[in-house]
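Reviewing the structure listed below.
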Amino acid sequence: MVDRQTAKTKPPPMYQVILLNDDYTPMEFVVLVLQKYFGKGQEEAMQIMLAVHNTGRGVCGVYPKDVAATRITRVLQFARSRQHPLQCVMEPVGD
Ligand code: TYC
């Protein structure tokens, strides 16, 4: 019983949503994406965008699998609708 409860209440595996750098997506657009789809404030969104710009990638958030997948779908739809090549992927936490 104790074991079964432990199993039932185990938190879901978490996934990092990672933004990748490219040479074409405007910086302002990336900041907007971080605010609109990841709930970041202006300051934090700017810091994450610059980190991605300078290092090639950066974490936008950590979510259960379905939430991470949905955010990626929405971000990619929004980016393509504006003709930007922005890329976004997910990775299991602890990889
Ligand atoms: N490197 C882009 C530029 O100079 C900006 C950028 C930042 C693009 C982060 C994508 O995930 C990204 N306009």
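Brief remarks on what is shown
- Mean ellipticity per residue at 222 nm, deg cm²/dmol - from DSSP H runs of n ≥ 4 across the chain, formula -39500 (n - 2.57): -16500 deg cm²/dmol
- Positive-pole candidate from Gly94, Val67, Thr9, dipole of the chain, charges at beta carbon: Thr9
- Derived scalar couplings ³J(HN,Hα) [the stretch 29-42; Karplus, 6.51 cos²θ - 1.76 cosθ + 1.60; whole Hz; x for Gly, Pro]: 5, 5, 4, 4, 4, 5, 6, 6, 10, 10, x, 7, x, 3
- Here the contact order of the stretch 9-82, divided by its residue count and restricted to Cα pairs under 8 Å and six or more residues apart, works out to 45 percent.
- In angstrom, the C-alpha Rg and Dmax of the chain are 15.5, 56.
No lab work stands behind these numbers, since they all come straight from the coordinates. Given the structure is predicted, the values throughout are model-derived calculations rather than measurements. Every residue, glycine as well, gets a Cβ built from its backbone with ideal geometry; the counts of neighbours run over all protein chains shown.
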